[in-house]
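One structure is given below, encoded as C-alpha cells.
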Amino acid sequence: MSLIKFTKDHEWIKVEGDVGTVGITNHAQHALGDIVFVELPEIGREVVQGSDTAVVESVKAASEVYAPVDGEVIAINGGLTEEPAQVNIDPQGNGWFFKLRLTNPTQLEALMDSDGYQSYLEGLA
Amino acid sequence: MTTISGHRGLEMDEPLIFELDAPGQSGVDLPALPTTHTRLGRVAARGPIGLPGLTEPEVVRHYTRLSQKNYAIDAGFYPLGSCTMKHNPRLGEKLARLPGFSDLHPLQPLSTVQGALALVDALAGWLKALTGMAAVAMTPAAGAHGEMCGMMAIRAAHDHRGGPRRPRVLVPESAHGTNPATAAALGFAVETIPATADGRVDVDALKAKLGFDVAALMLTNPNTCGLFERDILAIAQAVHDAGAFLYCDGANFNAIVGRVRPADLGVDAMHINLHKTFSTPHGGGGPGSGPVVFSQALAPFVPLPRIIHGDDGLRLAETQDEDDGTTLAYGRMKAFHGQVGMFVRALAYTLSHGADGLHQASGDAVLSANYLLARLKGVFNAPFAGPCMHEALFDDRGLKGTGVTTLDIAKALIDEGFHPMTVYFPLVVHGAMLIEPTESETKATLDQFITTMTGLADRAKAGDTAWFQAAPRLTPRRRLDETAAARKPVLRWKSES
Amino acid sequence: MRYLPLTEADRRAMLAEIGVASVAELYADAPATTLLPGPIPGLPGHQGELEVERALSALAARNMPAGSGPCFLGGGAYRHHVPATVDHLIQRGEFLTSYTPYQPEISQGTLQSLFEFQTQVALITGLDVANASMYDGATACAEAVMMANRVTRRHRAVLAGNLHPHYRDTTATLARFTGFEVVAGAPDPRGRESLVDSIDDATSCVVVQNPDVFGHIHDFTPLAAACRAKGALLVVVVTEVMSLGLLTPPGAMGADIVAGEGQSLGNPLSFGGPHLGLFAARDKYVRQMPGRLVGQTSDADGRRGWVLTLSTREQHIRREKATSNICTNAGLCALAFTIHLSLLGEAGFTGLARLNHAKAVQLAGKLGDIDGVRVLNDSFFNEFTVRLPRRASKLVNKLAKRGILGGVPAVRLFPEADGMSDLLLLACTECTTEADMDALCRALAELL
C-alpha cells in the first residue's frame, strides 16, 4: 500500500516499500507557470533531506526541488527532459521527478499528509 | 491588417540576413592578393563557412529596416526604472571617433598615448571628486564587472588584515540580482536582509545578522525602490563596527550625483555605471563601463593596470613590479586598460554639465520622479510614501479584481507609444512598476504619460480585460511565445538544405 | 543647460503639485550633514559643445593615431579597415539609444541582429551555439573556464603558456577569488609547447590559443582527443577573429568552447576598449553558458520573432545561483561585428583573411632578408615573432619617433618572463601597404 506525504517546499513523495517517488505539487506547478526545463539528478547520488536534488524552470523563474527525505536516487523521469510540460499537465503522476531508495524512512513521519498540506496551503493564501 | 507584400507602411517585414544570400556577392571590394605562398604549417585552410553574400545597398537596407523595429530614447519616453534611459548627447559619439582616441592601439609606446592616459586620469579625477572617494579602478567593463572588482578588493583587504574568516555577505532583499550573483561567485554565503514597511533596510535585522564573520554589506543607495536609505549613517557605523565593509551598488548614483558624496555616507566601495549616470549610450545592451571608487581603507586593493604620474609623464603599471609601491594590486580584470571609448563619452558629458549642471540634472531627475509619484499615486497604488529619489514605484494593488496585470499595463503602454516602465522589479513589491523619467523629459511629455497611465487605469477598472490581454496590437510583432522559445531553444539559423 | 528641458516655470509648477517648496526638500531622507547645498566647490561649471570639443580634441592631439603611419601592432588588438556603412548604421538612434531588449515587441531590431550575430559566431567558430557577446576576449576566456568547472565539476584549469597573458591574468584573478586552480605553462616563443601530459582526472579544461600569442598556428585535434579521454573540456581562445576566415575552425578540431575577441570585425582599436567578447559552445552545454541568448519563437499572430531566452541561467532570476553575474554585454560592438561580417559575406571574409595572411607572409620575407633579424615562426596567420640583435622595446621607441608603430615587444606582454627582451611581435592587416613594410625595413636596417 502506498503513502503520500508533502513538504512545506511543495514536494510530494509517494512511498511504496522502501522506494519513494518525488515530484512537485499541483500548487507548485501552478505558481511556477509553464515549465520549460527540468534538471534531474544522476542515478546513484546520495541525497539528504532538504538538499537540492533537481531544478525546475519556467520562463521567468527557477526553483530547486529538495529531497523530502534521505535516500539514494535510483530512477529519474527522463521523459521530462523532452516534455517538461508533463509537470504542468500531470504533476502528481507522469510529472514525477525522481525515485529515492529511502535510507531514513522515519523522516516521513514529520511530513504533512494530504489534509495537512491542504490546510498549510490555505494558511499561505 | 494584412498586406500583399507583408510590409506595413514604414514597417518592413524583413527576413534573416542568411535568407537574403546571393552566393558570391560581397559588400566589400578587396585588392588583388599579392602572390605569395602560404605559411599555415600543418593546419589546413578551412572549408566553406556558410556566410551569406550581399552587396552594400542590401546590407544597408536590411539593418535600416531592423533598426525601425526598435524603440529608442531618441524616439520617445523610455521610463525603464533602474536603467536610466536619459538623452545620449551626440557630442560624445563625435569625440570618441576622433582618430586620436578611436585609432589608438592599446600596446603603442606610452610616449605616443599621453593624451589618452590623461583622458583616463581626468575622468578618474572627476569620479573621485564627485564621490569624495580616495581611489578609483577604471578597468571594469560594466556595472556587474565593477561589482566583481569591488568585492574582490574587499576580499583582498580582509585577507591582508588577517583576523577572522569572513565567509558571509549581507544583501537586502530588494537588491539587484547581480549583487547576490557576484557575492556567490566569489564564494561568499549570501544572506538576505529584510526590508521595513517603508521600503528601507531593517537596521535591527541587519545588526542581528552582523558579526565578525561578515565581509560586507552590499547596499544600493538610493535603493531599488527609489528611496534614499535614511539610516545610512547608522548602517555604515554598524557595518564598520563589525569590521566589515560597506559596498554600495552605484546603479542609482544618478539620483544624487553632485548633491551627496558616497564617501560622506561611509561607503567603502561603489561601482559607477557610466551608461547610467554619465549617459554613455546603452547600445541595445552594451558596451558599458563600470569604474569602482574606493575609500582610503580599500585604496591599496585595486586591479591592474593603473595609471601613475611619473617624472616623464603618465605611465601604466601593468604588473605589480611596475607599480609605485602604494598598492597591493591584485591583478587584471580584463585585457588592456578599460573601456576607453566610453570614457571619452562620459568625460564629454561631465565637462558639458560641469558641477552646476550635474547638480541640476540630479535635481531635475528627482523632481520629475516625484511629480509622477504625486500625480499617479491616486491612480495606481504607491506602496511607499514619498519623497522618492529618481524613480517612482507602484504596485498592482489597484488592479486587484480587474483581471489586468502589470504586464498588461506595460503592453498597453507600448501601443500608446511609450516604452514601458520596469515591471516585476524590485521583487519586494507585488506586480512592481518602477518608473524612472530621468532629467531629459519636458513637463509636457510627463503630463502626456500621466494622462495615458490614468486612462489605462480607468480602462482596467472598467473591466476591459480582453483589450489589455491582446495588447500590443500596433507593433512589428505582438506578444511573443517565450514558453515555446525556452522549451525548444532555437538559438541560431540553420540552412534548410 | 542644453540637455535639461525643464524650465524654471515647469519646476515651480511641479514642486507645487508635489507640495514642497524646493528640490532640496525632496532630499530630506539624506542625512542633513551629507547634503551639499550647491554644486561641489572647486569643480568647473558647465560648458558649451565648442569648449568641450576643444578640450577633448586637445587631449586627442597628444596621441599618435595608429593610422598616422605604418602600424604593425597586434597582440590581441588589430587595426583593420571598417567600412563606412558599419559606423553609419550603428549610429542610428534606434540601435544606439535602446536598452537590452526586455520588451521584445518593440526590440525586434536588436533581437534579430543578435540572432544573426549568434549564428555568425557559431558558423565561423565551427560550434553549435553562441551567446549574444561578452565584455571582451579575456573575460570570455575566464568565463569559459568557470563554465568548464561547472560542466565537469572539477576545479583545475590548465592554461597554455602561449595564451595571451592578459587572458591568463584575467582568468587567474577570477581563480584567486572564486577558488579554482590555474596551472599556467611558461611562454614558448617557438610554439612547441605540448600540453597533453598536463591533463589528468582533476583537469576541468585546457585553454589554448590559435594562432597563439606568438603567432604560431596549431592543430589541436590530438589535444582535443586527450581532453576527451580524461573528461576535460578543450577551450580554444581566438584573439584575431579574422583568422577564422582562413584556418580550420576550433569546432572542427574538437573544441568544446571557443572564447574569442571580435574587435577585428567592425570595431575600432579605441585604446583597448570597448572590444567584443565572443563565446560559443557545443549544444549540450547551452544551459551552462554565461551571458544573454536570443531565441526564435512566434508571436500571437503566428509570425516569426525573437526573444531573450533561457534567462533562468541569469543573475536577475537565479541571483546567487546564476551561471555568471554578467548582464550588460557588448551589444553595439556585436552589431558592428554583424554588419561588417554581413558586408564581407563568405567571399569577402575568406578573401580578406587570405589578404591578411599574404601581407604577413610578404613582410616576413622582407624582414628575413635583414641581417640579424630572424623570423621564429614556421606557421602564422597575420602576426609572427622575430628575434632581433638588440632590445626590442628600445627599438620600438626609436621607430615611434620616426612615425612607425613597429610591433609589440614581447616584454610588454611578458614583463616577468626571461629571454623575451629581443623578441618582437609584428602584425599585418589589409591596411598594411608594401610601402609601410619597406619603411619599416629601411628603418630597421639603419637602427640595427
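Quick note: the coordinates plus some simple rules give every number you see, no bench work behind them. Since the structure is predicted, the reported quantities are computational estimates derived from the model, not experimental observations. In this analysis, Cβ positions are derived from the backbone assuming ideal geometry, glycine residues included, and neighbour counts consider all displayed protein chains.
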Per-residue Cβ neighbour rank within 10 angstrom, fewest leading, C:Cys441, C:Cys141, B:Cys225: C:Cys441, B:Cys225, C:Cys141
Neighbour cut-off at most 14 other Cβ (10 Å), DSSP loop, trypsin sites (Lys or Arg not before Pro), the stretch C:125-159: C:Arg153
Cβ-Cβ FRET estimate between B:Ile450 and B:Leu474, R0 fixed at 22 Å, reported to 0.05: 0.55
D (Stokes-Einstein, µm²/s), Kirkwood Cα radius, the stretch C:262-314, 0.890 mPa s at 25 °C: 177
Whole-Å semi-axes of the stretch B:29-78's equivalent ellipsoid (Cα gyration tensor): 41, 15, 12
Span per principal axis, largest first, for the Cα atoms of the stretch C:273-387 (Å): 68, 36, 28
Distance from the stretch C:261-314 to the stretch B:44-63 (C-alpha centre basis), Å: 19
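Report the rotationally averaged projected area of chain B based on its alpha-carbon convex hull, in square nanometres.
Result: 30.0 nm².
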Contact order relative to length of the stretch C:387-448, as percent, for alpha carbon pairs under 8 angstrom and 6 or more apart: 36
Restraint check, B:Lys86/B:Lys276; A:Lys60/C:Lys321; A:Lys5/A:Lys60; A:Lys5/C:Lys321; C:Lys366/C:Lys394, Cα-Cα greater than 19 Å: A:Lys5/A:Lys60; A:Lys5/C:Lys321; C:Lys366/C:Lys394
Dimensionless Rg over Rh [the stretch B:220-333; C-alpha; Kirkwood]: 1.03
Distant-in-sequence amide H partners of B:Asn381 (H built 1.01 Å from N, under 5 Å): B:Asp395, B:Arg397, B:Gly398
Charge sum, other residues only, whose C-beta stays under 12 Å from B:Ala22's C-beta, Lys/Arg counted +1 and Asp/Glu -1: -4
Estimated vicinal HN-Hα couplings, Hz - the stretch B:129-138 in sequence order (Karplus 6.51, -1.76, 1.60; Gly, Pro = x): 5, 6, 9, x, 8, 7, 8, 9, 9, 9
Projected area averaged over orientations for the protein assembly as shown, convex hull of C-alpha atoms, nm²: 41.9
Cα-based Rg of chain C normalised by 2.2 N^0.38 Å, two decimals: 1.12
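Under 4 °C and 1.567 mPa s, how fast does the stretch B:355-483 diffuse according to Stokes-Einstein, given a Kirkwood radius computed over C-alpha pairs? Answer in µm²/s, whole number.
It diffuses with D of about 85 µm²/s by this estimate.
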Charge sum, other residues only, whose C-beta stays under 12 Å from C:Ala226's C-beta, Lys/Arg counted +1 and Asp/Glu -1: 0
Net charge contributed by nearby residues that have their C-beta within less than 13 Å of C:Leu335 (K/R +1, D/E -1): -2
Euclidean distance of C-alpha centroids, the stretch C:1-15 and the stretch B:81-114, integer Å: 30
Taking only Cα atoms of the stretch C:160-247, radius of gyration then Dmax in Å: 12.9, 38
With at most 16 neighbouring Cβ atoms within 10 Å, loop GluC sites (Glu not before Pro) (DSSP) excluded, longest segment of chain B: B:174-495
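Would you kindly calculate the mean projected area, averaged across all directions, of the convex hull enclosing the Cα atoms of the stretch B:92-348, in square nanometres?
Average projection, Cα convex hull of the stretch B:92-348: 13.5 nm².
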At least 18 Å along the helix axis (C-alpha) and Kyte average at least -1.0, DSSP helices within chain C: C:108-125, C:137-152, C:165-178, C:331-368, C:434-447
For the stretch B:69-192, alpha-carbon Rg over 2.2 N^0.38 Å: 1.41
Alpha-carbon centroid distance for the pair the stretch B:375-396 / the stretch B:1-37, whole angstrom: 48
At 0.692 mPa s and 37 °C, Stokes diffusion of the stretch C:84-340 via Kirkwood alpha-carbon radius, µm² per second: 178
Where only alpha carbons of chain A are counted, the Rg and the Dmax (Å): 13.4, 39
Inter-label distance for B:Leu30 and C:Lys394, nm, one decimal - labels placed 7 Å from Cα along Cα-to-Cβ: 4.1
Cleavage-rule hits (trypsin sites (Lys or Arg not before Pro)) in the stretch B:132-218: DSSP loop, at most 16 neighbouring Cβ within 10 angstrom: B:Arg165
